[in-house]
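Enquirer: Sharing a structure, written as structure tokens. Questions coming.
The values are calculated or read from the model by the stated rules, or taken from the named source; none is laboratory data. Treat the numbers as computed from the prediction; the structure is a model and nothing was measured. With ideal geometry, Cβ positions are generated from the backbone for all residues, glycine too; neighbour counts draw on all protein chains shown. In case anyone asks, the SASA skips ligands and DNA or RNA and just uses the protein heavy atoms, side chains included. Shrake-Rupley method; radii C 1.70, N 1.55, O 1.52, S 1.80 Å.
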Amino acid sequence: MPLMRVLVSVTLLGTLVAAQQTRTPDIYFTPTWEPVVDEMLALANVTRDDVVFDLGSGDGRILVRAAQKYGARGVGIELDSRLVDISRQVARDAEVADKVAFIQGDLFEADLSRATVVTLYLSYSVNSRLAPKLKRELRPGTRIVSHQFTMGTWEPDKRVHSAVDNTDLFLWIVPPR
């Protein structure tokens with residue numbers, strides 16, 4: 001089933017599930033357009049061997065697409081329980097629930113060590129606070145892709161302009177320690 005149809009089919013689910021959050025989110029959910037998701041996954045060179053972590057995973061669309069298109073496995077970390085429930089339903093409807101998991105939790109506290117790719121659509125300030133954790137916990141060679149926002153003084157390895165939404169996408173490769 002196409003991802004857009006899956007997302008539309010679960011829109012009502014989001015209004016039925018009460019949000020239970022462990023703390024107030026730093027940012028609020030804004031979905032990444034599907035063509036931009038494709039650009040992000042291509043920039044990260046995702047393959048079936050990857051474990052993609054989406055931090056602030058929202059409705060799950062990045063991980064669902066990574067599983068559908070590339071056969072990758074994935075983990076979404078999302079603070080909002082309502083969005084976690086929606087993500088799980090989207091994954092079931094897209095028939096990739098065996099490849100992706102969604103965890104209600106704080107991305108600053110999550111164990112990221114299994115990731116080979118990390119995707120972000122957060123904010124400049126959240127990315128800047130997150131950068132030390134990524135450098136500390138991720139293995140060398142792990143790819144990080146951010147939609148629109150850089151990470152403080154950590155210079156990206158690559159910057160690509162997206163004509164789809166007129167923003168930039170940034171790629172970092174975790175360096176050797």
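Enquirer: For Val160, indicate whether it is over 23 Å from Leu107 (Cα atoms) and hydrophobic (A, V, I, L, M, F, W, C).
Expert: yes
Enquirer: Within the bounds of region 114-121, is there any residue that is more than 21 Å from Thr167 (Cβ to Cβ) and open to solvent by 40 Å² or more (accessible area, probe 1.4 Å)?
Expert: Among the residues of region 114-121, at least one is more than 21 Å from Thr167 (Cβ to Cβ) and open to solvent by 40 Å² or more (accessible area, probe 1.4 Å), which makes the answer yes.
Enquirer: Okay, next question. Could you tell me which of the residues Ala42, Ala67 is surrounded by fewer than 21 Cβ atoms within 10 Å (Cβ to Cβ) and either at pLDDT 70 or above or in contact with a Lys or Arg (Cβ under 8 Å, 6 or more places away or on another chain) (or both)?
Expert: Going through Ala42, Ala67 in turn, just one is surrounded by fewer than 21 Cβ atoms within 10 Å (Cβ to Cβ) and either at pLDDT 70 or above or in contact with a Lys or Arg (Cβ under 8 Å, 6 or more places away or on another chain) (or both): Ala42.
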